[in-house]
Amino acid sequence: MTLWSSSDPSGASAPEVQPGHTLLSSSSGYSVLEFIGEGCFGRMARCRNQATQETVAVKILKKDTDYLQDTEREVAMMEVISVLNPDHSNMVKFFEQFEHLGQTCLAFEMLDKCLYQMMLERYWIPLSLNEILTIAEQQQTEHHTTVSCLSEQLLVALDALKGLGVLHTDIKPDNVMCVNQLDQPFRVKLIDFGEAMTSSEVQTGMDLQPAGYRSPEIALGLPFTEAIDVWGVGCILAFLYLAENLFPVDCEYQMMKCMFEVLGQPEDHMLRAGIHTKYFFIEELAAHHPTWRLMTPCEFTDVNNIQAEERHSLIDLPGSLDDLVNIQIHPEEEAAEIEDRMAFVDLLKRLLHVDGDQRISSQHALQHSFITKWHLTEPFDSRVP
């Protein structure tokens with residue numbers, strides 16, 4: 001075992017961390033077992049906390065100062081949300097930050113796999129609504145703990161963040177991880193707060209959210225709130241249901257085109273107010289008032305000097321979210337299962353409302369019939385208004 005002190009002055013020329021090395025913090029040593037991921041930020045290692053023998057995940061960040069601000073932001077956000085119970089609020093547990101040979105290290109609880117990896121291992125077989133709404137029970141020594149449905153867990157996480165005035169801004173399948181898919185099926189937690197911000201930091205026109213999971217208010221450059229995270233959850237639920245991104249992730253133009261084909265074009269007042277509208281829409285004079293139309297691919301390319309890619313998808317784009325009710329439907333399905341589909345699509349429509357001001361809140365979404373199952377005992381029309 002190689003033991004390196006985090007205060008080693010030769011950090012700039014030290015060899016790269018390898019399995020078998022030990023990372024030292026002020027509270028413990030972390031034995032590096034293996035590397036489980038790598039990205040622009042650095043590397044993620046599976047480690048053993050020598051003090052507790054617990055397996056943890058340690059993010060070893062690059063020394064590159066370009067990532068220093070993101071690191072500081074992530075640590076600051078983890079400190080803000082540290083007042084929450086990470087298990088009750090469905091967020092990754094953060095243990096500590098320390099320096100190892102000039103590299104910043106962040107220690108987190110060890111989780112299993114992200115939703116994208118889970119779908120990959122399922123060979124892209126869509127989740128059933130029972131799986132999206134699954135309730136699993138975990139036998140503990142003296143009592144049972146009930147794990148609520150996957151969709152509810154994400155909404156609980158958003159509601160907890162909203163209570164602290166925090167926006168995650170990077171909700172996507174890669175940032176939702178299964179805790180232990182074998183022992184606790186579909187028990188999930190939200191991770192990666194490197195792009196998170198407080199509501200006081202919000203500025204119209206900010207470049208946030210990944211393509212395919214970007215809300216209309218961000219894409220158009222409108223004022224925004226925590227409703228952008230609600231949009232992200234809606235996109236994730238559609239991804240699990242379809243085993244395909246609802247909106248393209250590799251072309252902003254196709255993302256916008258598909259978004260408004262499925263959900264309808266935003267109201268004119270939104271398009272007029274958007275500081276980025278000019279990159280996607282053209283204002284034309286109609287009989288009595290100006291009207292807006294989406295650019296053609298050629299117009300988008302000419303205006304933005306960016307090639308509009310063709311949409312590549314394994315599924316046909318639904319004409320509207322209502323079409324999702326009939327996807328993969330089987331003749332033997334009972335009326336209750338059809339009601340489940342209708343309730344799910346109704347929730348999706350509210351999570352993916354084009355107008356962020358009219359989008360359902362996380363708190364109200366938790367009262368929706370798809371979450372509460374009211375539609376199985378009450379008329380469907382009694383759902384959340």
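Per-residue ellipticity at 222 nm for the chain, helices alone: DSSP H runs ≥ 4 residues times -39500 (n - 2.57), over residue total, nearest 500 deg cm²/dmol? Can you show the working numbers first?
On the way: 12 runs with 111 residues, N = 385.
That calculation yields -8000 deg cm²/dmol at 222 nm.
In straight Cα distance, which lysines are under 23 Å from residue 172, not counting same-chain residues fewer than 8 positions off?
Counting by Cα, and skipping residues close in sequence, residue 172 has these lysines nearby: 59, 93, 113, 162, 189, 257, 349.
Amide H neighbours of residue 42 under 5 Å, counting only residues 5+ apart in sequence or on other chains, H built in-plane at 1.01 Å?
62
Taking N as the number of residues in the chain, what is its Cα Rg relative to 2.2 N^0.38 Å? Display every interim value, and only then the final one.
Details: Rg = 22.8 Å, N = 385, 2.2 N^0.38 = 21.1 Å.
Its radius of gyration relative to the 2.2 N^0.38 Å reference: 1.08.
Which angle between 0 and 90 degrees, to the nearest 10, do you get for helix 252-263 versus the longest principal axis of the chain when only C-alpha atoms count?
Around 50 degrees separate the two axes.
First check a/c for segment 179-246, with a ≥ b ≥ c the square roots of the eigenvalues of its C-alpha gyration tensor; if it is under 1.5, answer rounded, and if not, answer prolate when a/b is larger than b/c or oblate otherwise. Let's see the in-between values first.
Numbers: a/c = 3.11, a/b = 1.66, b/c = 1.88.
The shape class here is oblate.
So between residue 250 and residue 121, what do we pick up on full extension, going 0.36 nm a residue minus the alpha carbon distance?
On the way: separation 129, 0.36 × 129 = 46.44 nm, distance 2.21 nm.
Working it through step by step, the gained length comes to 44.2 nm.
What angle do you read, to the nearest 10 degrees and between 0 and 90, between the alpha-carbon axis of helix 335-351 and the longest principal axis of the chain?
Roughly 80 degrees between the two axes.
Would you kindly work out the equivalent ellipsoid of segment 185-292 from its C-alpha gyration tensor and give its semi-axes, the square roots of five times the eigenvalues, largest first in whole Å?
That gives 28, 18, 11 Å for the three semi-axes.
Springs between alpha-carbon atoms under 10 Å, Gaussian network over the chain: tell me which of 234, 165, 212 tops the mean-square fluctuations.
So, out of 234, 165, 212, the one fluctuating most is 165.
Taking the 0 to 90 degree range and rounding to the nearest ten, how far is the long axis of helix 227-242 tilted relative to the main principal axis of the chain, both from C-alpha atoms?
Roughly 90 degrees between the two axes.
Would you tally the net charge around residue 269, using a Cβ to Cβ cut-off of less than 11 Å, leaving residue 269 out, and scoring K and R as +1, D and E as -1? Display every interim value, and only then the final one.
On the way: positive: 272; negative: 267, 268, 355, 357.
With Lys, Arg at +1 and Asp, Glu at -1, the net is -3.
For a Förster distance of 30 Å, can you work out the FRET efficiency between the beta-carbons of residue 203 and residue 79, rounded to the nearest 0.05? Could the numbers behind the result be given before it?
Working: r = 22 Å, r/R0 = 0.74.
According to the calculation, E is roughly 0.85.
Between residue 50 and residue 183, what FRET efficiency comes out of the Förster formula 1/(1 + (r/R0)^6) with R0 = 25 Å and r the beta carbon distance, rounded to 0.05?
Working: r = 25 Å, r/R0 = 0.99.
Efficiency computed from Cβ-Cβ geometry: 0.50.
Any read-out appearing in this document is the output of simple, stated calculations on the displayed coordinates, not a laboratory observation. Keep in mind that this is a model prediction, so the values were computed, not measured. Glycine gets a Cβ as well: all are built from the backbone with ideal geometry, and neighbour counts include every protein chain shown.
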